[in-house]
Amino acid sequence: MSLDHGDRRVLLYACPGVPAEIWTPDFARVLPELEIRIWPEIGDPAEIDYAFVWHPPAGLFPRLTGLRVIFSLGAGVESVLADPELPPDIPVIRMVDPSLAQGMAEFVLMQVLHYHRRMPEVAANQRARLWQPLRPPVAQDRRVGILGFGQLGAHCAETLARLGFDVAVWSRTPRPAPGLTSFAGRDALPAFFARSEILVCLLPLTPDTAGILDAAAFAAMPHGGFVINAGRGGHLVEADLLAALDQGRIAGATLDVFNVEPLPADHPFWVHDRITVVPHIAALTQPRTAVPVIAENIRRDQSGLPLLHAVDRARGY
Ligand code: NDP
Ligand code: OXD
């Protein structure tokens with residue numbers, strides 16, 4: 001491999017809204033030889049080997065004429081792929097961080113338990129000063145459905161199954177797994193929804209998955225089910241959820257991701273008594289565990305080895 005600016009390697013940190021100070025100590029610890037530049041102070045753009053991005057600033061990529069690899073701060077890469085000036089031949093690496101999977105499993109478990117143990121009803125009873133012991137079904141009789149059986153969905157599914165829940169997963173390609181019920185492909189969706197009392201979305205946002213949480217999904221689910229969306233706001237048809245909540249078809253929803261973030265102050269979700277709004281924190285990439293994964297790919301790039309976790313642009317994730 002030959003680079004045209006000597007042995008120095010330069011990584012550009014361009015994650016508007018995510019303070020660079022969170023990341024720089026771990027880059028310095030794990031990759032002391034790497035020079036980190038922080039957007040917009042990028043110096044000579046031709047010297048930049050690696051770009052670490054989250055919602056990349058418009059017009060950035062054409063300036064980086066020596067770019068070798070684009071690293072996404074997030075597991076979801078739709079904002080990177082949507083950049084009209086994304087260089088066609090530069091690999092895009094999505095974030096695979098063990099802490100992200102752990103954090104998502106904690107979040108999904110917390111929300112599933114909240115609905116499984118009927119906590120919204122308990123809270124309503126408290127407001128009414130009503131002492132009413134409520135009995136949940138046993139976990140084995142609680143059917144949870146997880147859309148997406150990748151890095152995050154698989155960890156959540158296994159965590160819930162270990163606690164005894166009856167878990168089904170849905171993926172694009174068939175992925176049978178012990179202790180789980182597996183569904184794959186569009187044709188299997190109605191049957192998957194029909195058994196999902198608590199539905200969790202952990203899909204990437206692609207043209208195939210946009211709007212998947214819609215009126216048809218809510219109509220197919222068991223009456224009074226719950227929805228947890230930690231994928232992307234574009235997975236949810238907002239008006240369909242509001243209608244399904246009004247009709248009682250859906251009893252409650254936890255939403256961590258939204259079409260517009262931050263969620264506008266006048267959005268009806270903020271004040272809906274059966275919607276829990278969470279500010280896109282279901283799982284956060286953690287520098288301590290994520291930087292070593294980036295470092296491994298930088299080492300691979302410098303040794304001419306295949307990169308890990310590269311996005312398949314045709315698939316969109
Ligand atoms: P992966 O790429 O590891 O897994 C994606 C899964 O979705 C795979 O199982 C894939 O199927 C499935 N899938 C993709 N397209 C389809 C389709 N058309 N039909 C059926 N299944 C499909 O992603 P991750 O698990 O790492 O992340 C998933 C998403 O979670 C991210 O893209 C992001 O949007 C979201 N996220 C949200 C966070 C938050 O804090 N709210 C934090 C991190 C991520 P197959 O296995 O067959 O390829
Ligand atoms: C991600 C996210 O994609 O934080 O990692 O949403």
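The values are calculated or read from the model by the stated rules, or taken from the named source; none is laboratory data. Here the structure is a predicted model, which is why all the values come from computation and not from measurement. So basically every Cβ, Gly included, is an ideal-geometry build from the backbone, and we count neighbours across all protein chains shown. Heads up: the accessible areas ignore ligands, DNA and RNA and are worked out on the full protein's heavy atoms, side chains in. Shrake-Rupley method; radii C 1.70, N 1.55, O 1.52, S 1.80 Å.
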- Can we say residue 137 is without any contact (Cβ under 8 Å) to a residue 40 or more places away in the chain and open to solvent by 60 Å² or more (accessible area, probe 1.4 Å)? no
- Scanning segment 96-119 for residues that are of a type in the set (Val, Ile, Thr) and more than 13 Å from ligand 2 (Cβ to nearest atom) gives 108, 112
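Looking for whichever is within 16 Å of ligand 2 (Cβ to nearest atom), surrounded by fewer than 19 Cβ atoms within 10 Å (Cβ to Cβ) and not assigned by TED's automatic domain parsing to the domain that holds residue 19 here; the options are 219, 210, 239, 215. Which one fits?
Answer to the check: 210.
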- Query: What is the one condition in (1) in contact with a Lys or Arg (Cβ under 7 Å, 6 or more places away or on another chain); (2) under 27 Å from residue 113 (Cα atoms); (3) assigned to a loop (DSSP other than H, G, I, E, B) that residue 307 does not satisfy?
  - Reply: (2)
- Item | The one condition in (1) surrounded by 13 or more Cβ atoms within 10 Å (Cβ to Cβ); (2) β-branched (Val, Ile, Thr); (3) touching a residue at least 24 places away in the same chain (Cβ under 8 Å) that residue 122 fails to fulfil | (3)
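I'd like the full set of residues that are outside any loop (DSSP other than H, G, I, E, B) and over 29 Å from the mean Cα position of the chain (by Cα), limited to segment 121-152.
Passing the criteria: 122, 124, 125, 126, 127.
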- Please find, within segment 164-182, the residue that is nearest to ligand 2 (Cβ to nearest atom) out of those that are crowded, with 16+ Cβ neighbours inside 10 Å and among the aliphatic types (A, V, I, L, M). 169
- Checked against (1) in a helix (DSSP H, G or I); (2) within 11 Å of ligand 1 (Cβ to nearest atom); (3) of a type in the set (A, V, I, L, M), residue 219 satisfies every condition except (2)
- Message: Return the residues of segment 9-37 that are surrounded by 17 or more Cβ atoms within 10 Å (Cβ to Cβ) and more than 16 Å from residue 287 (Cα to Cα); say none if nothing qualifies.
- Response: 9, 10, 37
